Amino acid sequence: MNGVAIIIIAIVVLLCAYLIYGRWLTKKWGIDPKAKTPAYTEYDGVDYVPAEKSVVFGHQFASIAGSGPINGPIQAAVFGWVPVLLWCLLGGVFFGAVQDFSAMYASVKNKGHSIGVIIEQYIGKVGKKLFLAFCWLFCILVVAAFADIVAGTFNGFNTDGSQITSNASVATTSILFIVAAVGLGFFLRVSKLPAWGNTIVAILVLIACIALGLALPVYQSTGFWHIFVFIYIFIASVVPVWALLQPRDYLNSYLLIVMIIAAVVGILAFNPDVNLAAFTSFEVDGQYLFPTLFVTIACGAISGFHSLVASGTASKQIKNERDMLPVSFGAMLMEVMLAVISLVCVAYIAKGATIPEGNPPQIFASAIATFLTKLGIPESFSTTLILLAVSAFGLTSLDSVARIGRLSFQEFFINTDKSDEEQSIFTKIFANKYVATALTLVLAFILAKRGYADIWPLFGSANQLLGALSLIACAVFLKHTKRQGWMLWVPMVCMLLITFSALGLKIASLVGSLMTAFDFGNALQLVFAVLLLALGVVVAIMGIKKLFVPVKETENAELETAEEAK
């Protein structure tokens with residue numbers, strides 16, 4: 001087996017999945033291209049803002065991809081390339097893409113509400129409160145892990161004090177992206193150019209930022225970039241989506257898609273050998289293939305975070321219901337492709353069962369840069385651009401997850417039975433977007449200092465459990481609206497078994513470490529793990545009970561009337 005064969009298999013499987021399975025789901029659930037979407041009916045100019053399909057796709061893809069489909073497969077490669085490839089393709093199609101589409105579909109059909117509000121409507125208020133608490137804790141883990149990864153790609157110094165020019169150039173370009181995105185946001189809002197005109201402007205801005213970044217590298221330490229990243233995501237999570245989130249994701253989507261295309265072309269031209277063993281062992285360094293593989297590869301197979309993006313931000317920007325399939329199902333399949341590319345990279349550099357040294361983004365960038373030399377592109381230039389794209393993935397995910405964490409925290413305290421004026425002083429304080437954002441990011445900053453590698457196992461377990469809970473919520477919604485939801489049951493049950501096992505093992509590991517020596521970071525992780533497991537179990541039980549309770553005829557009539565009103 002070689003890299004080209006793996007890529008061709010992945011392209012064929014993913015293309016068939018979209019054309020056959022994706023379209024079949026739309027027929028089963030129903031799409032109304034004439035219906036007014038929440039972006040119009042709930043328009044507020046901040047979160048509910050209609051956008052072109054390409055813009056929302058860019059937001060969805062850039063947000064969900066993050067560094068996950070690069071980190072996960074490379075870390076999980078210790079078990080061999082065959083189990084990684086199988087989980088990416090099968091999990092990505094029948095678990096991940098279905099979850100992403102069902103979450104966006106349920107949200108658009110419910111005024112663009114998040115999964116938490118959908119749980120309240122179909123499962124109950126207590127279920128919603130518990131789910132929101134789970135989401136908030138989970139978002140803290142995501143911010144901590146991805147912020148550390150991004151800060152690492154910006155770090156301008158080696159351990160010996162020597163400068164890392166590629167990282168410093170990435171840092172400059174990323175800063176310019178942020179500034180350019182604000183300007184582009186205002187431009188897109190007032191310009192009368194057609195879609196192709198906006199695209200040309202965005203590409204020109206992108207090229208200018210890259211050129212300046214390469215010419216003017218900024219050298220700072222990881223500690224400095226930690227602070228910078230957290231200040232940035234605080235701002236990004238409170239400003240209107242049209243001012244930064246939409247244009248930044250729109251801008252980055254071109255860079256990310258070009259990176260994937262370049263990587264595929266590089267692999268096809270270079271035809272790298274697969275030096276990684278097909279299968280190593282069911283147990284590696286004390287980690288067992290089940291459940292470790294399935295929680296390590298989250299993004300790239302199934303990720304609960306995707307449901308938060310699909311229902312928390314992207315669903316509020318959908319202009320037409322027909323856009324839901326390409327934006328959700330299509331973006332997930334694109335992410336699976338990135339995960340497979342990451343697998344080919346590590347499989348080429350590895351030696352048997354030995355994974356190369358370095359963090360996953362460095363391994364990924366090094367391999368792709370080597371492949372592109374076959375096309376005459378200098379390796380140093382390619383490495384810088386690939387690292388830039390990886391950091392762009394991470395920053396766009398941070399944009400979205402910080403906003404989602406803030407919204408989850410706010411929704412937890414707001415009493416939906418009362419008007420804004422009737423809310424208590426306590427509620428008004430904690431529901432304030434600045435307070436909610438600050439509390440979320442302070443805890444994430446503390447955990448980020450632990451390093452992404454230390455957080456990743458807990459993040460992966462919580463992420464997959466969130467996916468299971470989202471599948472339960474969507475299954476309940478489909479049942480109550482007389483739509484078929486059986487295709488969600490197998491992924492739902494599998495993910496519950498995987499994540500409860502993984503969290504149980506993580507808790508046992510943390511307890512063992514703390515009994516040996518107290519460590520504040522481990523203690524905080526243990527608190528998170530116990531809370532996540534407890535909340536997950538309770539919400540899962542409440543949701544599954546609803547799946548077996550017959551829907552009352554009166555409730556059916558009310559839901560049908562509400563559906564017609566939309």
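The values are calculated or read from the model by the stated rules, or taken from the named source; none is laboratory data. These numbers come from a predicted model, not from an experiment. Cβ sites come from the backbone with ideal geometry, for glycine too, and all protein chains shown count toward neighbours.
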Among the residues that make up the range 149-171, is at least one of them surrounded by 21 or more Cβ atoms within 10 Å (Cβ to Cβ) and charged (D, E, K, R)? no
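Residue-wise test of (1) within 22 Å of the chain's Cα centre (by Cα); (2) modelled with pLDDT of 85 or more; (3) farther than 13 Å from VAL340 by Cα; (4) surrounded by 20 or more Cβ atoms within 10 Å (Cβ to Cβ).
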position	(1), (2), (3), (4)
ALA39	yes, yes, yes, yes
ASP44	no, yes, yes, no
GLU52	yes, yes, yes, no
VAL55	yes, no, yes, yes
GLY58	yes, no, yes, yes
ILE64	yes, no, yes, yes
SER67	yes, no, yes, yes
ILE74	yes, yes, no, yes
PHE79	no, yes, yes, yes
With the checklist (1) surrounded by 15 or more Cβ atoms within 10 Å (Cβ to Cβ); (2) at pLDDT 85 or above; (3) hydroxyl-bearing (Ser, Thr, Tyr) in hand, flag the one item TYR434 doesn't pass. (1)
Are there any pairs with C-beta distances below 8 angstrom linking a residue in the range 475-498 that is without any contact (Cβ under 8 Å) to a residue 24 or more places away in the chain and over 13 Å from ALA103 (Cβ atoms) to a residue that is hydrophobic (A, V, I, L, M, F, W, C) and surrounded by fewer than 14 Cβ atoms within 10 Å (Cβ to Cβ), with the two at least 6 apart or on different chains, and if so which? none
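I'd like to know if the range 103-112 contains one or more residues that are over 16 Å from the mean Cα position of the chain (by Cα), surrounded by 24 or more Cβ atoms within 10 Å (Cβ to Cβ) and not in a helix (DSSP H, G or I). Can you show your working first?
Filtering the range 103-112 for residues over 16 Å from the mean Cα position of the chain (by Cα) gives 105-112.
In the following step, the residues that additionally are surrounded by 24 or more Cβ atoms within 10 Å (Cβ to Cβ) were identified as 105-109, 112.
This time we only want the ones that are not in a helix (DSSP H, G or I), so: 109, 112.
Yes - at least one qualifying residue is present in the range 103-112.
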What helices (runs of 4 or more DSSP H) completely inside the range 290-405 contain at least 2 residues that are aliphatic (A, V, I, L, M), buried (at least 24 other Cβ atoms within 10 Å of the Cβ) and in contact with a strand residue (DSSP E or B) (Cβ under 9 Å, 6 or more places away or on another chain)? 331-349
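Hey, among the residues in the range 251-289 that are part of a helix (DSSP H, G or I) and among the polar types (S, T, N, Q), which one's surrounded by the fewest Cβ atoms within 10 Å (Cβ to Cβ)?
Within the range 251-289, the subset part of a helix (DSSP H, G or I) is 251-270, 289.
Checking which are among the polar types (S, T, N, Q) leaves us with 252-253.
Values: ASN252: 29, SER253: 24.
Applying the filter and picking the extreme gives SER253.
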With (1) over 24 Å from ALA277 (Cα atoms); (2) surrounded by 14 or more Cβ atoms within 10 Å (Cβ to Cβ) as the list, and PRO33 as the residue in question, which single condition is left unmet? (2)
Give all pairs with beta carbons closer than 7 Å in which a residue from the range 135-151 that is touching a residue at least 24 places away in the same chain (Cβ under 8 Å) and within 13 Å of GLN525 (Cβ to Cβ) meets a residue that is in a helix (DSSP H, G or I) and hydroxyl-bearing (Ser, Thr, Tyr); count only pairs at least 6 apart in sequence or on separate chains. ILE140/THR440; ALA145/TYR452
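If I go through the range 418-447 residue by residue, how many of them are free of Cβ contacts under 8 Å to residues at least 60 places away in the same chain, of a type in the set (D, E, K, R), in contact with a helix residue (DSSP H, G or I) (Cβ under 9 Å, 6 or more places away or on another chain) and part of a helix (DSSP H, G or I)?
Quick first cut of the range 418-447, residues free of Cβ contacts under 8 Å to residues at least 60 places away in the same chain only: 418-432, 435-436, 439, 442.
The next check asks that each one be of a type in the set (D, E, K, R); those that pass are 418, 420-422, 428.
Now restrict to residues that are in contact with a helix residue (DSSP H, G or I) (Cβ under 9 Å, 6 or more places away or on another chain): 418, 420, 428.
Going one step further and asking which of them are part of a helix (DSSP H, G or I), we end up with 420, 428.
Within the range 418-447, residues that are free of Cβ contacts under 8 Å to residues at least 60 places away in the same chain, of a type in the set (D, E, K, R), in contact with a helix residue (DSSP H, G or I) (Cβ under 9 Å, 6 or more places away or on another chain) and part of a helix (DSSP H, G or I) number 2.
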